[in-house]
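Heads up: the structure comes next, in structure tokens.
The values are calculated or read from the model by the stated rules, or taken from the named source; none is laboratory data. What you see is a predicted model, and the numbers here were worked out from it, not measured in a lab. Note that each Cβ is placed from the backbone with ideal geometry, even for glycine, and that neighbours are counted across all protein chains shown. These area figures cover heavy atoms from the full protein model, side chains too; ligands, DNA and RNA do not enter into them. Shrake-Rupley method; radii C 1.70, N 1.55, O 1.52, S 1.80 Å.
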Amino acid sequence: MHKQYIFTAEVPSNIALIKYWGKRDAAQQWPENDSLSMTLDSARTHTSAQIAASGSDVIRRADGQGVVTAYTSSSDKAVRHLAFLRRELGFSAALEIATHNTFPTGCGIASSASGLGALTLAAIAAWTGSASLTELETADFPRERLAHLARMGSGSAGRSLFGGYVAWHAGSSPSAQRIEPLAVDWPLTDIIALVSRQEKAVGSSAGHLTVRSSPLFLPRLAGLPARLRLVEAALAAHDLPALGHAIEAEALEMHAVMLSSEPRLAYLQPRTSELLAWLRQQREEQGLAAYFTIDAGPNVHIICAPHTAPEVVQRLNTAFPDLALITDRTGQGPLLYRRPTH
Ligand code: PMV
């Protein structure tokens, strides 16, 4: 009898420094603008896949408290993405998939980038019998192809397929998109202050489709190439004040677009504003070298050098003792491995 294997992918989440907000073409996941992110390290999704004994797919998700839920409905993003991969690549074998996050589910950290990235890697590894990223490449799945397949499940997932800092270029047509790592070696820390653990009422998929209703969107698009160049230059020069200034302006601008869209998307909360005011005061009066960015939610990501992180955490704990913090850092990207089922 053939040996059976389980293929496991570990894919980290990422935090966008230049945000992807808006799709030019939803069916082809073609973004309105270029984006750039830092891949995280410990916030990961682990997804295992094996060829199913029965003829139908099973996706089981464990929530960290020992509760496992099986998903089969096409209202689930993972179920839809598995169907997409099968259609696109022509694999027919049914898969048994088990997945969990290293960060608590529903804690306000988006899991779609890591989750859809891990599903893409694990499923294709199981279908092709690939035991590593190198073997996947030999099986005609180089990293950029995998990133584009992951992007079809969730745009930001494409960027999670590389480590370090990753650019996603929109290009002049859907097929001219590129996802590539930057040649930047600069470890930074991301301290996530959890203002809310609630799932957001409006997900990013719906939000991406309303950007053009904001009168601020076209001016934003016009200014983005210059900001992207600033961020790339700051990363290349390891210039934290320049990077910080640009990413704060970027996060506030994305939220200005959200707040002026129809229907209005109001993700920020009073606590978010309190944190931003506090951080600015710490910087101006205490010289704390730390800067914020915010995703489609109320939680604040504070970016700083690793040696500044303990001080930021200590000051946050004093000023906001009730806020939970998650500390993460620049990571190396995905892992893929396999083991026999018995
Ligand atoms: O990948 P999606 O569809 O969940 O969109 C992500 C949108 C932001 O997180 C707000 C920005 C980004 O570039 O990651």
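Brief remarks on what is shown
- Cβ-Cβ contacts under 8 Å between residues 6 or more apart (or on different chains), taken from a first residue in the stretch 300-316 that is closer than 23 Å to residue 185 by Cα to a second residue that is of a type in the set (Gly, Ala, Ser) and open to solvent by 10 Å² or more (accessible area, probe 1.4 Å), are listed as 304/289; 305/289; 308/289.
- Residues of the stretch 158-186 that turn out to be touching a Pro at 6+ places or on another chain (Cβ under 9 Å) and either assigned by TED's automatic domain parsing to the domain that holds residue 266 or among the aromatic types (Phe, Trp, Tyr) (or both), as a count: 3
- Flag if residue 124 is in a helix (DSSP H, G or I) and aliphatic (A, V, I, L, M): yes
- The C-beta contact set for the stretch 204-230 (first residue acidic (Asp, Glu), second residue open to solvent by less than 40 Å² (accessible area, probe 1.4 Å), distance under 7 angstrom, 6+ apart or interchain) is empty.
- Hey, residue 244 at positive phi, open to solvent by less than 50 Å² (accessible area, probe 1.4 Å) and touching a residue at least 40 places away in the same chain (Cβ under 8 Å) or not: no
- Checked against (1) away from the ligand (no atom under 15 Å from the Cβ); (2) at pLDDT 95 or above; (3) not hydrophobic (A, V, I, L, M, F, W, C), residue 156 passes all but condition (1).
- Any hit, the stretch 75-84, residues being over 23 Å from residue 340 (Cβ atoms), of a type in the set (Phe, Trp, Tyr), out of contact with any Leu (no Cβ under 9 Å at 6 or more places or on another chain) and in the same structural domain as residue 114 (by TED's automatic domain parsing): no
- Residue in the stretch 291-304 that is part of a loop (DSSP other than H, G, I, E, B) and among the hydrophobic types (A, V, I, L, M, F, W, C) present: yes
- Note on the stretch 172-198: among residues that are part of a loop (DSSP other than H, G, I, E, B) and within 16 Å of the ligand (Cβ to nearest atom), the one that is farthest from residue 257 (Cα to Cα) is 182.
- Residue that is most open to solvent (accessible area, probe 1.4 Å), among those in the stretch 1-24 that are part of a strand (DSSP E or B) and near the ligand (Cβ under 10 Å from one of its atoms): 23
Yes or no, residue by residue, for (1) away from the ligand (no atom under 15 Å from the Cβ); (2) surrounded by fewer than 19 Cβ atoms within 10 Å (Cβ to Cβ):
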residue: 257; (1), (2): no, no
residue: 271; (1), (2): yes, yes
residue: 277; (1), (2): yes, yes
residue: 284; (1), (2): yes, yes
residue: 303; (1), (2): no, no
residue: 312; (1), (2): yes, no
residue: 319; (1), (2): yes, yes
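- Every residue from the stretch 130-142 that is open to solvent by less than 30 Å² (accessible area, probe 1.4 Å) and in contact (Cβ under 8 Å) with a residue 40 or more places away in the chain: 130, 131, 136
A quick yes/no check of all residues on (1) more than 20 Å from the chain's Cα centre (by Cα); (2) touching a residue at least 60 places away in the same chain (Cβ under 8 Å):
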{"position": "77", "(1), (2)": "no, yes"}
{"position": "81", "(1), (2)": "no, yes"}
{"position": "88", "(1), (2)": "yes, yes"}
{"position": "112", "(1), (2)": "no, yes"}
{"position": "125", "(1), (2)": "yes, yes"}
{"position": "168", "(1), (2)": "no, yes"}
{"position": "171", "(1), (2)": "yes, no"}
{"position": "177", "(1), (2)": "no, yes"}
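- When the stretch 199-223 is limited to residues that are among the polar types (S, T, N, Q) and away from the ligand (no atom under 11 Å from the Cβ), the one that is most open to solvent (accessible area, probe 1.4 Å) turns out to be 213.
- Residue in the stretch 86-99 that is assigned to a strand (DSSP E or B), of a type outside the set (A, V, I, L, M, F, W, C), touching an Asp or Glu at 6+ places or on another chain (Cβ under 8 Å) and not assigned by TED's automatic domain parsing to the domain that holds residue 251 present: yes
- Answer from 52, 27, 98 - the residue that is within 16 Å of the ligand (Cβ to nearest atom), open to solvent by 10 Å² or more (accessible area, probe 1.4 Å), among the small types (Gly, Ala, Ser) and at negative phi: 27
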